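Below is one structure, written out as structure tokens; comments come after it.
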Amino acid sequence: TSGMAAAPTALGFAAVDKSLLDNVMLPPGYQYSVLHATGDALDSALAAYSNRGIESDDWSRRIGDHHDGMDIYYIDADGRYSDKETPRAVLCVNHESSADSHFLHPNGQTSNNVSGKKFDQFGEWDLGTRPELEVLKEINLHGVSVVEIVKGPQGWRIQQDSPLNRRITAQTPVRVSGPRVHIEHVRNFMVSRWDTAGAMARGTLNNCGHGKTPWGTYLGCEENWAYYFQTTGAGAALSVNEVASRKRYGVAAAVPAAGVKKAAGQGWHTVSATDDRFARWNLAALGANAEKDFRNEANTFGFIVEIDPLAPNSTPAKRTAMGRFAHEAAVCGVPKAGEPLAFYMGCDSRNEYIYKFVTTAVWDPRDVGGGMVAGDKYLSEGKLYAARFDANGQGEWLELNIADPRIAQHSAYKFANQADVLVNARHAADAVGATKMDRPEWGAVNHRNGEIYFALTNNSAANRTPTKVDPANPRAYMDLDGKKVAGNPNGHIIRFKEAGHKGTAKAFTWDIFLFGAEDDSGDANLSGLTAKNAFSSPDGLWFSKATGICWIQTDDGAFTDETNCMMLAAIPGQVGDGGKVTVKNKMLVGGIEQTGTQETFLGAALGEAKLRRFLVAPKGAEVTGITETADGRTLFVNIQHPGELSKPLSSGEAPQSTWPGNQGYGVAGRPRSATIVITRKDGGLIGL
Ligand code: FEO
Ligand code: CA
Ligand code: CA
Ligand code: CA
């Protein structure tokens, strides 16, 4: 389209081999440094990070853990937001999870962890009271870090003590913002002992992918928030509808039976039943009155959270109009003046949906730098859709509206009104027949042609068999090292083009951009991947505005016997540049070999010229989060959870990874998540 640079035709670096080493591997001619890592202090008055878990502060002024989505916000000479590159900026980084919090405590364990297991939102906690300081560290390591960075002769570094340095944590007061007519319903949905007006929520959790708005704010996305809550003790009965809502989001409702020593979650509520900082993680209904307990606390999560990075005193906002689910990223289509904006969002769980939010307000470029006021204008009112992918290569956006009889008369959940549709969006998308996808992770927009890409990271054997596939999720068989693995363990990337290139379109055209696969996996290697570009479980996805490169990041468990997780560069074509293919599926179902075929649409093969491995991560890490300087010569990338497969430290075994301490960053010993800065030694464009 006019005014846009032509796409490059080939990548300009030597592919990085698969690696099992405990370091970040890059092509020849490239280098990296660590910008910040878990536990680094925002203020010089705080002790430097010990990496031995002996901090006595509550971590509310330290870099959080599990670095994830991120973006950069330039500051002009007047201290205002600029979309032009300057040597001064704020970097916002999501801090997703405390799954490795055992590394943050003195003995690597909490005092009552008799099982010796890691504390983990997907794991177990031992019943009993957890130490307050450990739990505070875990609560405060979540959220978003907002940190000033400056470019000096040695490259970018963080600016300690900047008045812009801020932590949004799982405790920060956050405003609830949505359509005006929804206020009463949302109040009843969220009301708690902490805020009987239901107008404020506290904090943000499990921020995974992210978004950047055209007006210059940051969108954190709440993904696996449902696992942080427990429900203990006797409680008032929930209504049938409340039970149905919790169940659809996987909110823990189980009460451990007498004598059971462990339960899912992290046990944050065990610190105190009267101190709301801890009591709020227990969803038990204590009586008839929801204003006296925290039965609704999980209802305050599952949103897109908007933050103004350059206004440290501003209150973040949960944007209910954008729907409530397990939000991955929120990516804005190419903005066009005078037209509504469209934000594309994944719900990352098995068999969940891809959504689109279309603003009521039309884009006015004068709103650049408009902060939360602009956010209120664009993100308070709009329409929410879920995607259906059809066998003819077309698709339809299904509006989630109470006026649709399929929603109004849905059998599994009785919607009260449109506000209820938005905060129970998963039920509404079920009702209209959206397509259940292989775990929608990040979306990304190709700025050069407006097409939208989504990483579908993987799916299980229970969900994908030769008879349980569809055109957009067509694969149900993998042969990994001669071992038959059922489902779609290596994932794929789907892409679509809106009708008329309009964000308001109801129809789109789609194809599959790439299938992840091991290079020796035969029929399952549908994209013809080689040792130089084989990958599995795409997760982070992002287009460089400077180079047009599509960056693909992985979070994988299926390929990690051969290589650590990675980042690849791709030069994409466009929707429809390939053709129809037949996927041959074969797997053992109940000991009997089942076969089947599924037709789909696959983009043109890229080959090694247009798809190459650029980076391999340290042991146990996923690669996630990426942004660049506007000149395309500096790339910021996040390395999350190195050493994820470590045994608890009490086992006496060394951690799986000791990165980045093993490369001279900080105190050596335990692994840490970190943001790295990648440059070319000759200062050139990254990737070309
Ligand atoms: Fe937090 Fe969907 O990855
Ligand atoms: Ca193999
Ligand atoms: Ca992710
Ligand atoms: Ca992960």
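Residue by residue, here is whether (1) among the aliphatic types (A, V, I, L, M); (2) over 29 Å from residue 85 (Cβ atoms) holds:
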position: 31; (1), (2): no, no
position: 36; (1), (2): no, no
position: 40; (1), (2): no, no
position: 44; (1), (2): no, no
position: 55; (1), (2): no, yes
position: 63; (1), (2): yes, no
position: 67; (1), (2): no, no
position: 72; (1), (2): yes, no
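Taking the conditions exactly as written (closer than 16 Å to residue 585 by Cα, part of a loop (DSSP other than H, G, I, E, B), touching a residue at least 24 places away in the same chain (Cβ under 8 Å) and away from ligand 4 (no atom under 16 Å from the Cβ)), does residue 463 satisfy them or not? Against the criterion (closer than 16 Å to residue 585 by Cα, part of a loop (DSSP other than H, G, I, E, B), touching a residue at least 24 places away in the same chain (Cβ under 8 Å) and away from ligand 4 (no atom under 16 Å from the Cβ)), residue 463 qualifies.
Conditions (1) under 22 Å from residue 8 (Cα atoms); (2) within 16 Å of ligand 3 (Cβ to nearest atom); (3) touching a residue at least 60 places away in the same chain (Cβ under 8 Å), marked per residue:
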{"residue": "504", "(1), (2), (3)": "no, no, yes"}
{"residue": "507", "(1), (2), (3)": "no, no, yes"}
{"residue": "514", "(1), (2), (3)": "yes, no, yes"}
{"residue": "521", "(1), (2), (3)": "no, no, no"}
{"residue": "531", "(1), (2), (3)": "no, no, yes"}
{"residue": "547", "(1), (2), (3)": "yes, no, yes"}
{"residue": "555", "(1), (2), (3)": "no, yes, yes"}
{"residue": "565", "(1), (2), (3)": "no, yes, no"}
{"residue": "582", "(1), (2), (3)": "no, no, no"}
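Given the condition at pLDDT 95 or above, within 16 Å of ligand 4 (Cβ to nearest atom) and in contact with a helix residue (DSSP H, G or I) (Cβ under 9 Å, 6 or more places away or on another chain), answer yes or no: does some residue in region 600-617 qualify? The answer is no, given that none of the residues of region 600-617 is at pLDDT 95 or above, within 16 Å of ligand 4 (Cβ to nearest atom) and in contact with a helix residue (DSSP H, G or I) (Cβ under 9 Å, 6 or more places away or on another chain).
Looking only at region 137-182, residues that are part of a loop (DSSP other than H, G, I, E, B), closer than 30 Å to residue 683 by Cβ and among the hydrophobic types (A, V, I, L, M, F, W, C) come to 1 in all. Take residue 320 and tell me if it is touching a helix residue (DSSP H, G or I) at 6+ places or on another chain (Cβ under 8 Å), farther than 24 Å from residue 437 by Cα, more than 16 Å from ligand 1 (Cβ to nearest atom) and in contact (Cβ under 8 Å) with a residue 60 or more places away in the chain. No; evaluated as a whole, the condition is false for this residue. Scanning region 435-454 for residues that are buried (at least 24 other Cβ atoms within 10 Å of the Cβ), in a loop (DSSP other than H, G, I, E, B) and away from ligand 1 (no atom under 16 Å from the Cβ) returns a single hit, 451. From the residues in region 205-259 that are assigned to a helix (DSSP H, G or I) and within 16 Å of ligand 1 (Cβ to nearest atom), which one is modelled with the lowest pLDDT? Ranking the candidates gives 227 first. Note on region 613-684: enclosed strands (runs of 3 or more DSSP E) holding 2 or more residues that are over 18 Å from residue 25 (Cα atoms) are 622-628. If the condition is being away from ligand 4 (no atom under 16 Å from the Cβ) and in contact with a Ser or Thr (Cβ under 8 Å, 6 or more places away or on another chain), then region 551-562 contributes only 551. With the requirement that a residue be in contact with a helix residue (DSSP H, G or I) (Cβ under 9 Å, 6 or more places away or on another chain) and at pLDDT below 95, what does region 260-278 give you? Result: 264, 265, 266, 267, 268, 269, 270, 271, 272, 273. Looking across region 54-81, just one residue is assigned to a loop (DSSP other than H, G, I, E, B), small (Gly, Ala, Ser) and either crowded, with 21+ Cβ neighbours inside 10 Å or under 21 Å from the mean Cα position of the chain (by Cα) (or both), and that is 64.
The values are calculated or read from the model by the stated rules, or taken from the named source; none is laboratory data. Small disclaimer: the values here were computed from a predicted structure and weren't measured. Cβ atoms come from the backbone with ideal geometry, glycine included; neighbour counts cover every protein chain shown.
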